[in-house]
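> I'd like to ask some things about the structure below.
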Amino acid sequence: MSAEVLRKRKGEILISIPPILWLVIFFVIPTFLVIAMAFRSADPYGGIGQEWTLDTIKSLGNPDYPVIIWRTIWLSVLSTAVCILASIPAGYYIARLNKKYQDILLLFIIVPFWINFLIRIFAWKVFLHPEGFFKEALVALKIAAPDTLLLYNTGAVLVVIVYSYLPFALLPIYAAAEKFNFHLLEAAYDLGAGRLQAFVRVFLPGIKQGIITAIVVVFIPALGSYVIPDIVGGTQAEMIGNKIAQRTFIDRNLPHASALSTILALAIIIPSAVALTMRFFKEKNSTSLRLR
Amino acid sequence: MKKLLTFFAAALMAFVSCSKKSNELHIYNWADYMNPAVIEKFEKEYNCKVVINYFDSNEALYAKLKAGATGYDVLFPTSYMSRLMYEQKMIREIDHSKLKNIKNIDMAFVKKGLDPQMRYSVPYMMTFTGIAYNKKKVKNFKPSWSIFERDDLAGRMTLLNDMREVIGAALKYNGYNYNSTNDAELEKAFETVIKWKKNIAKFDVDEAKRGLSSGEFYLIQVYNGDALQLIAENPDLAFATPQEGTALSQDDFVIPVTAKNVELAYKFIDFMLEPENCKANMEFVYYLAPNIAAQKLMSEDFLKDPAVNPPKSILDKSEFLQDLGSNNSKFSALWDKIKSTK
Amino acid sequence: MKKRSRFPFYVTVAILVFFYLPIIIVFMQSFNASRFGGAWKGFTLQWYYRLFADKNIWHALSNTLVIAFGSTFVSIILGTMAAFALYRYKTKLQITHNILIYLPLVIPDILMGISLLLFFVSLRIELSLFTILLSHITFCMSYVAMVVLARFQDFDYSTFEAALDLGATWWIAVKRVLVPYLGPGIAAGGLLAFTLSLDDFVITFFVAGPDSTTLPLYIYSMMRHGSPSVINALSVLMVIFTFIVVFISKKLMEVKE
């Protein structure tokens with residue numbers, strides 16, 4: 001090994017060690033702690049058993065969980081779908097505006113996503129209040145009956161998840177659309193494609209990367225939702241996040257909370273790690289920025 | 001850039017230095033459960049700062065401490081939870097010599113409780129659970145737990161987010177004891193709660209109170225004093241104790257083992273036992289304190305109010321919540337099942 | 001040329017209405033005299049007075065700012081180092097490094113919260129502002145690394161090597177060549193870290209101790225146990241503040257360009 005390579009190697013280690021070490025200590029070890037905890041038992045007093053056991057994992061098979069897991073999945077899928085379906089036409093529209101209007105519109109889209117997360121959820125609680133203006137307007141327009149309830153159901157959870165994460169979907173899709181060469185659409189028309197056909201066959205593949213990013217940034221946080229169902233969900237809207245919080249903060253059952261977390265974590269970490277490894281060398285020039 | 005760095009460094013230093021303040025008392029309490037004016041008075045008298053955090057069920061309090069929360073100086077668990085925490089060596093024994101006002105406590109009341117010698121707890125307030133409702137919206141109100149079966153009120157009622165209170169109420173409704181651990185009885189209670197669950201908007205403690213006041217909810221399961229606080233502001237509301245009987249609770253002052261400011265904690269408890277201060281608290285929270293000297297200062301109306309001081313007919317049908325030991329897990333398993341069953 | 005569809009326009013308008021309707025209602029409710037919200041009971045400014053009289057809010061705000069500044073500072077350093085390593089070296093170590101940096105971005109908050117809680121508790125580290133700070137650095141540094149790495153993509157490393165060849169020490173080269181070039185990226189990453197730290201509720205909720213109430217924790221506590229009308233007033237102020245900050249930063253960017 002030449003001195004040059006050695007020097008380079010030393011530089012690499014020096015500069016990589018602090019961030020890697022930090023993440024190993026505060027991310028990797030804690031994650032493994034959670035996984036390890038899933039193989040411990042809990043006593044009724046909130047203590048943690050000393051011996052290793054599979055019982056905690058096995059108890060996840062109890063018939064109450066599939067309901068909640070299934071609800072978490074379909075709520076996440078549905079809210080992601082709504083976000084994407086709304087973002088594509090909006091991203092298309094904004095990208096075709098002239099620059100000045102684009103900036104103004106973007107500002108209006110970004111601001112709600114800078115507002116505190118809890119305040120945004122709280123706004124919906126106020127908005128959907130059964131004696132509030134919106135409800136009265138719906139009743140006056142005969143859209144809702146006086147005893148229709150807008151809050152505390154899965155519908156409310158879905159709406160608020162969409163509200164919270166729509167800007168995250170909109171921004172990458174807009175960013176991709178902005179780079180899209182709209183002459184390609186004209187070319188498709190010239191070649192005889194219909195408007196819809198050109199949109200589906202030319203525009204959508206053109207912004208594929210933006211759509212993928214949007215799916216990731218909406219779907220994953222949606223899976224981990226806890227505050228939203230906690231505040232606007234009723235008795236039928238619990239998600240996995242709520243169960244984890246309940247196990248931790250009420251049932252004093254950390255092993256159980258860990259077992260649930262492990263499932264959620266593995267479902268996300270394994271595919272991400274594989275995808276990232278595959279992408280690492282391939283994509284040197286990408287400037288795409290991931291936002292949560 | 002350099003200036004920026006200096007600024008950040010200064011901010012960090014400030015952070016390290018200000019995170020330790022000596023004269024602070026950390027209390028962990030139920031919401032709306034102590035008169036802020038009395039706390040302010042204490043802060044002035046002892047030249048300290050009282051920092052309050054809130055919990056909304058005994059289980060949440062316990063779990064928070066078990067999960068490693070330290071630094072609280074005074075906690076307010078219900079007596080069954082105080083007992084459990086004592087057995088788990090999470091709270092200290094009370095040194096009576098540091099509480100000159102402990103003589104004000106109603107010993108006849110304490111003797112009937114779980115800690116008859118006040119070894120590890122000092123009683124703060126006596127509470128019980130009932131139903132608060134909006135008189136304008138709820139027609140033909142009947143004081144019974146069965147009211148939660150009424151589907152004309154569907155979506156406008158709430159139950160407490162507390163397994164002992166909800167499952168207990170269902171046990172009572174079926175004629176059993178609040179502290180039952182009999183499987184068949186619990187199964188019956190489960191079926192009852194599921195029927196109720198169809199009609200309620202959510203399981204909640206504090207938000208439900210705001211909701212009742214703002215017209216969001218028409219009827220809620222609630223602690224007596226909390227209900228009276230709402231009624232004082234909104235005359236459309238009323239409170240009733242279910243005829244089947246209810247859960248009685250005694251909430252305590254306890255000092256956790258991990259307390260940092262034990263001396264100040266004693267001073268705080270002693271201060272709250274002073275008749276004047278105890279009276280001011282009672283007037284604010286509408287609960288009855290088992291404090292004879294303070295009760296003497298209260299009006300006859302307050303002491304005779306059945307929503308403050310339940311009559312014997314109700315007491316006879318009601319129970320104090322007990323710690324269930326290892327049978328606690330029966331309740332949590334059932335509570336889980338309730339939360340995930342449609 | 002075909003006439004463009006009006007459909008994307010309608011969707012965009014609908015999204016904006018959807019975004020702002022709840023906020024407008026909160027604005028109106030913040031002046032509603034009714035204590036618990038709901039029906040209109042007349043105009044009042046009392047919630048704003050109450051808000052300013054509440055010293056706990058200001059205490060929570062100062063906690064929040066201390067943590068936001070602290071975590072931004074540390075995460076800028078760690079994140080920039082990580083970005084440099086990821087950009088410069090394409091070794092096996094960096095594959096792992098890359099995964100490590102990415103995972104905190106994709107992991108849901110609640111998982112990070114519970115794992116850090118278990119970690120601190122098992123090491124018997126007392127939960128406090130300090131544990132919140134450590135946690136915030138952990139998720140902020142990944143964001144900084146990503147933003148700075150994006151800036152790096154267009155960097156020509158030979159300028160850096162040229163400086164070295166011309167006799168500059170490594171440190172001088174970093175200071176004179178690298179930092180000025182990366183400046184906007186570091187600033188953007190730092191701003192992102194700062195706002196994420198300000199905004200975080202879930203992770204903080206898990207690792208907070210008794211004296212470490214941050215503004216989001218306080219807002220949550222008020223939502224659950226306090227007066228909703230005061231939160232309306234607080235929300236209005238925060239929305240206005242957000243608008244001002246976003247507007248100013250936008251103006252600043254324009255000047256630079």
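The values are calculated or read from the model by the stated rules, or taken from the named source; none is laboratory data. Predicted, not measured: the structure shown is a model, and the values here were computed from it. All Cβ positions, even for glycine, are placed from backbone atoms using ideal geometry, and neighbour counts span all protein chains on display.
> Based on this model, can you work out whether residue C:74 counts as more than 7 Å from every other protein chain (Cβ to nearest Cβ), β-branched (Val, Ile, Thr) and out of contact with any Ser or Thr (no Cβ under 8 Å at 6 or more places or on another chain)? It would help to see each step written out before you state the result.
Working: more than 7 Å from every other protein chain (Cβ to nearest Cβ): yes; β-branched (Val, Ile, Thr): yes; out of contact with any Ser or Thr (no Cβ under 8 Å at 6 or more places or on another chain): yes.
So residue C:74 fits the description; yes.
> Is it the case that the stretch B:39-49 has a residue that's at the interface with another protein chain (Cβ under 10 Å from one of its Cβ atoms) and modelled with pLDDT under 95?
Yes, there is a match, as at least one residue in the stretch B:39-49 is at the interface with another protein chain (Cβ under 10 Å from one of its Cβ atoms) and modelled with pLDDT under 95.
> Turning to a different aspect of this structure: Restricting attention to the stretch A:236-266, which residues are more than 16 Å from residue C:207 (Cα to Cα) and more than 8 Å from every other protein chain (Cβ to nearest Cβ)?
A:237, A:239, A:240, A:242, A:243, A:255, A:256, A:259, A:260, A:262, A:263, A:266
So that you can scan it fast, the table gives a plain yes or no per residue for (1) under 24 Å from residue C:56 (Cα atoms); (2) of a type outside the set (Lys, Arg); (3) buried (at least 17 other Cβ atoms within 10 Å of the Cβ):
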position: B:60; (1), (2), (3): yes, yes, yes
position: B:69; (1), (2), (3): yes, yes, yes
position: B:72; (1), (2), (3): yes, yes, yes
position: B:83; (1), (2), (3): no, no, yes
position: B:99; (1), (2), (3): no, yes, yes
position: B:118; (1), (2), (3): no, yes, yes
position: B:127; (1), (2), (3): no, yes, yes
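> Need a quick list: helices (runs of 4 or more DSSP H) entirely within the stretch A:155-265 having at least 1 residues that are surrounded by 24 or more Cβ atoms within 10 Å (Cβ to Cβ) and among the small types (Gly, Ala, Ser).
Output list reads A:208-223, A:240-249.
> Residue check: is residue C:220 within 11 Å of another protein chain (Cβ to nearest Cβ), among the aromatic types (Phe, Trp, Tyr) and in a helix (DSSP H, G or I)?
Working: within 11 Å of another protein chain (Cβ to nearest Cβ): yes; among the aromatic types (Phe, Trp, Tyr): yes; in a helix (DSSP H, G or I): yes.
Yes; evaluated as a whole, the condition is true for this residue.
> Considering only the stretch B:210-239, how many residues are touching a residue at least 24 places away in the same chain (Cβ under 8 Å), within 9 Å of another protein chain (Cβ to nearest Cβ) and part of a helix (DSSP H, G or I)?
3
> Show me the helices (runs of 4 or more DSSP H) entirely contained within the stretch C:1-111 in which 1 or more residues are within 30 Å of residue C:137 (Cβ to Cβ) and under 24 Å from the mean Cα position of the chain (by Cα).
Numbers: elements: C:7-29, C:46-53, C:55-88, C:92-106.
Those helices (runs of 4 or more DSSP H) span C:55-88, C:92-106.
> Take the stretch A:37-55 and flag every residue that is at pLDDT 85 or above and over 26 Å from the mean Cα position of the chain (by Cα).
Initial filter on the stretch A:37-55 (at pLDDT 85 or above): A:37-41, A:52-54.
A:39, A:40, A:41, A:52, A:53, A:54 - these are the residues of the stretch A:37-55 that are at pLDDT 85 or above and over 26 Å from the mean Cα position of the chain (by Cα).
> Kindly indicate which of C:67, C:99, C:23, C:95 is crowded, with 18+ Cβ neighbours inside 10 Å and closer than 28 Å to residue A:277 by Cα.
C:99
> A further question on this structure: Any idea which of (1) buried (at least 22 other Cβ atoms within 10 Å of the Cβ); (2) facing chain A (nearest Cβ under 7 Å) is the one residue C:105 doesn't satisfy?
Condition (1) is where residue C:105 drops out.
> If you don't mind, there's one more thing I want to ask. For residue A:131, state whether it is touching a Ser or Thr at 6+ places or on another chain (Cβ under 9 Å), within 10 Å of another protein chain (Cβ to nearest Cβ), surrounded by 14 or more Cβ atoms within 10 Å (Cβ to Cβ) and among the acidic types (Asp, Glu).
Details: touching a Ser or Thr at 6+ places or on another chain (Cβ under 9 Å): yes; within 10 Å of another protein chain (Cβ to nearest Cβ): yes; surrounded by 14 or more Cβ atoms within 10 Å (Cβ to Cβ): yes; among the acidic types (Asp, Glu): yes.
For residue A:131, the condition - touching a Ser or Thr at 6+ places or on another chain (Cβ under 9 Å), within 10 Å of another protein chain (Cβ to nearest Cβ), surrounded by 14 or more Cβ atoms within 10 Å (Cβ to Cβ) and among the acidic types (Asp, Glu) - is met.
> Please work out if residue A:91 is of a type in the set (Gly, Ala, Ser) and more than 21 Å from the chain's Cα centre (by Cα).
Numbers: of a type in the set (Gly, Ala, Ser): yes; more than 21 Å from the chain's Cα centre (by Cα): no.
Criteria not met by residue A:91.
> Sort out for me the helices (runs of 4 or more DSSP H) sitting completely within the stretch A:5-104 that have 3 or more residues that are more than 9 Å from every other protein chain (Cβ to nearest Cβ). Steps first, answer last, please.
On the way: elements: A:29-37, A:55-58, A:64-96.
Those helices (runs of 4 or more DSSP H) span A:55-58, A:64-96.
> Assess whether residue B:189 counts as being out of contact with any helix residue (DSSP H, G or I) (no Cβ under 6 Å at 6 or more places or on another chain), in a helix (DSSP H, G or I) and farther than 23 Å from residue B:212 by Cβ. Walk me through it before giving the result.
Numbers: out of contact with any helix residue (DSSP H, G or I) (no Cβ under 6 Å at 6 or more places or on another chain): no; in a helix (DSSP H, G or I): yes; farther than 23 Å from residue B:212 by Cβ: yes.
So residue B:189 fails the test.
> Considering only the stretch C:229-237, I want to know if a residue exists there that is surrounded by 22 or more Cβ atoms within 10 Å (Cβ to Cβ), modelled with pLDDT of 90 or more, within 14 Å of chain B (Cβ to nearest Cβ) and farther than 21 Å from residue A:105 by Cα.
Within the stretch C:229-237, none of the residues are surrounded by 22 or more Cβ atoms within 10 Å (Cβ to Cβ), modelled with pLDDT of 90 or more, within 14 Å of chain B (Cβ to nearest Cβ) and farther than 21 Å from residue A:105 by Cα.
> Please work out if residue B:323 is crowded, with 17+ Cβ neighbours inside 10 Å, among the acidic types (Asp, Glu) and not in a loop (DSSP other than H, G, I, E, B).
On the way: crowded, with 17+ Cβ neighbours inside 10 Å: yes; among the acidic types (Asp, Glu): yes; not in a loop (DSSP other than H, G, I, E, B): no.
Considered against the rule, which asks whether it is crowded, with 17+ Cβ neighbours inside 10 Å, among the acidic types (Asp, Glu) and not in a loop (DSSP other than H, G, I, E, B), residue B:323 comes out as no.
> Which condition breaks for residue C:163 when tested against (1) more than 9 Å from chain A (Cβ to nearest Cβ); (2) crowded, with 23+ Cβ neighbours inside 10 Å?
(2)
> With the checklist (1) more than 26 Å from residue B:53 (Cα to Cα); (2) more than 7 Å from chain A (Cβ to nearest Cβ); (3) in contact (Cβ under 8 Å) with a residue 12 or more places away in the chain in hand, flag the one item residue C:92 doesn't pass.
The one condition residue C:92 does not meet is (3).
> Something else about it: Name the residues in the stretch A:76-126 that are among the small types (Gly, Ala, Ser) and either in contact (Cβ under 8 Å) with a residue 60 or more places away in the chain or touching a Phe, Trp or Tyr at 6+ places or on another chain (Cβ under 9 Å) (or both), would you? Walk me through how you get there before you give the answer.
Here is the first cut: in the stretch A:76-126, the ones among the small types (Gly, Ala, Ser) are A:76, A:79, A:81, A:86-87, A:90-91, A:95, A:123.
Within the stretch A:76-126, A:76, A:79, A:86, A:87, A:90, A:91, A:95, A:123 qualify.
> Taking residue B:205, is it at pLDDT below 95, touching a helix residue (DSSP H, G or I) at 6+ places or on another chain (Cβ under 9 Å), closer than 22 Å to residue B:29 by Cα and crowded, with 22+ Cβ neighbours inside 10 Å? Walk me through how you get there before you give the answer.
Numbers: at pLDDT below 95: yes; touching a helix residue (DSSP H, G or I) at 6+ places or on another chain (Cβ under 9 Å): yes; closer than 22 Å to residue B:29 by Cα: yes; crowded, with 22+ Cβ neighbours inside 10 Å: yes.
Criteria met by residue B:205.
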